[in-house]
Amino acid sequence: TVADGDYKVADLSLAGFGRKEIQLAEHEMPGLMALRREYADAQPLAGARVTGSLHMTIQTAVLIETLVALGAQVRWASCNIFSTQDHAAAAIVVGPDGTPDAPSGVPVYAWKGETLAEYWWCTEQVLLWPDGQGPNMILDDGGDATLLVHKGAEFEQAGAVPSAESADSEEYAVILGVLRRSLEEDNRRWTRVASGLKGVTEETTTGVHRLYEMQAAGSLLFPAINVNDSVTKSKFDNKYGCRHSLIDGINRATDVLIGGKVAVVCGYGDVGKGCAESLRGQGARVIVTEIDPICALQAAMDGYQVATLEDVVETADIFITATGCFDVITNEHMARMKHQAIVGNIGHFDNEIDMAGLAKRDDVERINVKPQVDEWRFADGHSIIVLSEGRLLNLGNATGHPSFVMSNSFSNQTIAQIELFTKTDQYPVGVYTLPKHLDEKVARLHLDALGARLTELTKEQASYLGVQVDGPFKSDHYRY
Ligand code: NAI
C-alpha cells in the first residue's frame, strides 16, 4: 500500500468519482475480471514488483487492480503528459478500501498536463522503489521506462552522460538532465535496476519497434514480450479502439461537423484503418497517404482515395497522422493548409507533426483556445487548429479507447506479465510474442459478453484441417 506521501496526483478528492467509473468499467472488461477469478488462489504475481508506464486512465486502473489481485506490488506513471484521467489516478492511490485522508492503494505519479520535466521525473519515481530495490518487471507503453533504464545503464557504463547541447530534441535534453543528476547520486543505480529485471511487456507498435532495434543492436538488457502483436491487441485496440476514440477526440476538441469534410489519414496500418473507417462513418470523404504499396492498395480497395500529402494539403479540412514515423506533416505543410484546418496525431509520439518547426516560425502566433486545443494564426491571416500539441489526440482530447477493447489488450498484458515472471528461464534476452493459444484464450474471454456463440469443430473436421478441436486454429503466419 501507499507509504506516506509516496505518490503525486492532481487531487485525491476525485477518488470517489474515479471508483464509480472503475466499477462501471469492470463490467465492460470481462477478460480482466475472468483472469482475476482464474488466478485468485494461485497468485502467480506474488513477489512481482511491477513498474508500469501506461496512460493512467480508468481502463488502466482496472488493469492495475488486476495485477494487484494476482499478487503483484505495483508503481505507476502515465506514458504521456496529457493522457492521465485525474479521477482514475486518485482512485488508484486511495484504493478500494482507503479514503483520501488515509490512502491505501497503489503509488501513482501522474496527472493531466505534466511538463516534460515532470513527466520524466514521474517515470523515474516509479522505477525507484522506496525500499531501495528496483522493480523486477516493467509494463511499458511506448518504451519510455525501458529507455530510461537502458540509457541510464549505458551512461553508467561509460562513466558520463552526454551534454544537453548534444541532444536532438528538447525531450532528450530533459532525459539527459534526469540521468546526469542520477549518475551523480548513485553511479550504479540503473545498472542494478536493469540486472534486477526479469523483463518488460510492451503495449504499442512504437515501443515494440524500439525493442527490436535494441535486440538487433545487441543492446537489449532483459527479455521482452511484444504484446502489441498479439492479434487480440493490434487487430482490435489499434483498429477498433481508434475507430471509437479518434472522432471522440476531434468532437470534444472542436465539435466541428465531420460529415461532408475532406479528411486525410496519414498511414493505413492498424491505427489508420480504424481512423479512416470512423471518419467515413461520420460522412467525411477520406483520403489516405501511405509509403507501403501493400497498405496503399488495401486503402484503395477499401474505397479510399490514395494521394500524397502535397496533392491535398491545400484542400482538405482534417489531417490525422497515424504512422509511427516522424515529420509526416511539416510546418511548411501547415502553412499551406486551409483556414481552420484541423491537425491532429494519433500515433504514439509527438514528432509525426513538426510542432517544433511550427513553433520556430516567426510568421505564426499560437492562441490557446482551451486545454489541448490551440489555434496557430499565420501572418497572412489564416489559421489552423492543432490538437494536443501534436500528441496523441484520442487520449489528450478525449479519454482514449473504451473499456471493452482495452480488456483485450490488458488481458494480453496480464498474461504476458505472468509468463515472463513465472517462466523466466524460458525467455532468454530477446523479444517474444505470446503463443497463439493464449491469443485465442483472450478472444474467448470476450465472446460471451457480446452474446457471440462459437461453432465447435468435430473431431473429423479438426483432423481434416490439421488442427486440434480446441485450437490453435491458425498457423503462426496467418494474418487475420
Ligand atoms: P502500423 O505499422 O500498422 O501502421 C503505420 C503505417 O504508417 C504503416 O502502414 C506505414 O507504412 C505507414 N507510414 C509510415 N511512414 C509513413 C509516412 N511517412 N507517410 C504515410 N504513411 C506512413 O502501426 P500502427 O499499429 O497502426 O500504429 C501507428 C502508431 O500509432 C504507432 O506509433 C503506435 O504506437 C500508435 N498507436 C496509438 C494508439 C492510440 O490509442 N493513440 C493505439 C495503438 C497504436
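The values are calculated or read from the model by the stated rules, or taken from the named source; none is laboratory data. These numbers were taken from a predicted model, which means no experiment stands behind them. Cβ sites come from the backbone with ideal geometry, for glycine too, and all protein chains shown count toward neighbours. Just so you know, the surface numbers come from the protein's heavy atoms only, side chains and all, with ligands and any DNA or RNA stripped out. Shrake-Rupley method; radii C 1.70, N 1.55, O 1.52, S 1.80 Å.
Below is a table of values for the structure above.
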read-out	value
Complete set of residues in segment 238-270 that are under 24 Å from Val373 (Cβ atoms), in contact with a Ser or Thr (Cβ under 8 Å, 6 or more places away or on another chain) and not small (Gly, Ala, Ser)	Cys242, Arg243, His244, Leu246, Ile247, Asp248, Val262, Val264, Val265, Cys266
Residue within segment 387-400 that is under 30 Å from Ser230 (Cβ atoms), surrounded by fewer than 22 Cβ atoms within 10 Å (Cβ to Cβ), within 16 Å of the ligand (Cβ to nearest atom) and among the hydroxyl-bearing types (Ser, Thr, Tyr) present	yes
Residue that is nearest to Gly269 (Cα to Cα), among those in segment 456-480 that are assigned to a loop (DSSP other than H, G, I, E, B) and of a type in the set (Gly, Ala, Ser)	Ser475
Matching residues in segment 179-215 - criterion: being farther than 28 Å from Tyr432 by Cβ and either part of a loop (DSSP other than H, G, I, E, B) or open to solvent by 10 Å² or more (accessible area, probe 1.4 Å) (or both)	Arg180, Arg181, Leu183, Glu184, Glu185, Asp186, Asn187, Arg188
Those residues of segment 410-451 which are open to solvent by less than 20 Å² (accessible area, probe 1.4 Å) and assigned to a loop (DSSP other than H, G, I, E, B), in sequence order	Gly430, Leu434
Residue match in segment 144-158 (condition: assigned to a loop (DSSP other than H, G, I, E, B) and not acidic (Asp, Glu))	no
Wholly within segment 357-409, strands (runs of 3 or more DSSP E) carrying at least 2 residues that are among the aliphatic types (A, V, I, L, M)	364-370, 383-387
Members of segment 354-372 found to be under 27 Å from the mean Cα position of the chain (by Cα) and within 23 Å of Phe326 (Cβ to Cβ), listed by number	Asp354, Met355, Ala356, Gly357, Leu358, Ala359, Gln372
Matching strands (runs of 3 or more DSSP E) fully within segment 269-350 where at least 1 residues are open to solvent by 50 Å² or more (accessible area, probe 1.4 Å) and charged (D, E, K, R)	285-289
Any hit, segment 246-268, residues being part of a loop (DSSP other than H, G, I, E, B), within 16 Å of the ligand (Cβ to nearest atom) and in contact with a Cys (Cβ under 8 Å, 6 or more places away or on another chain)	yes
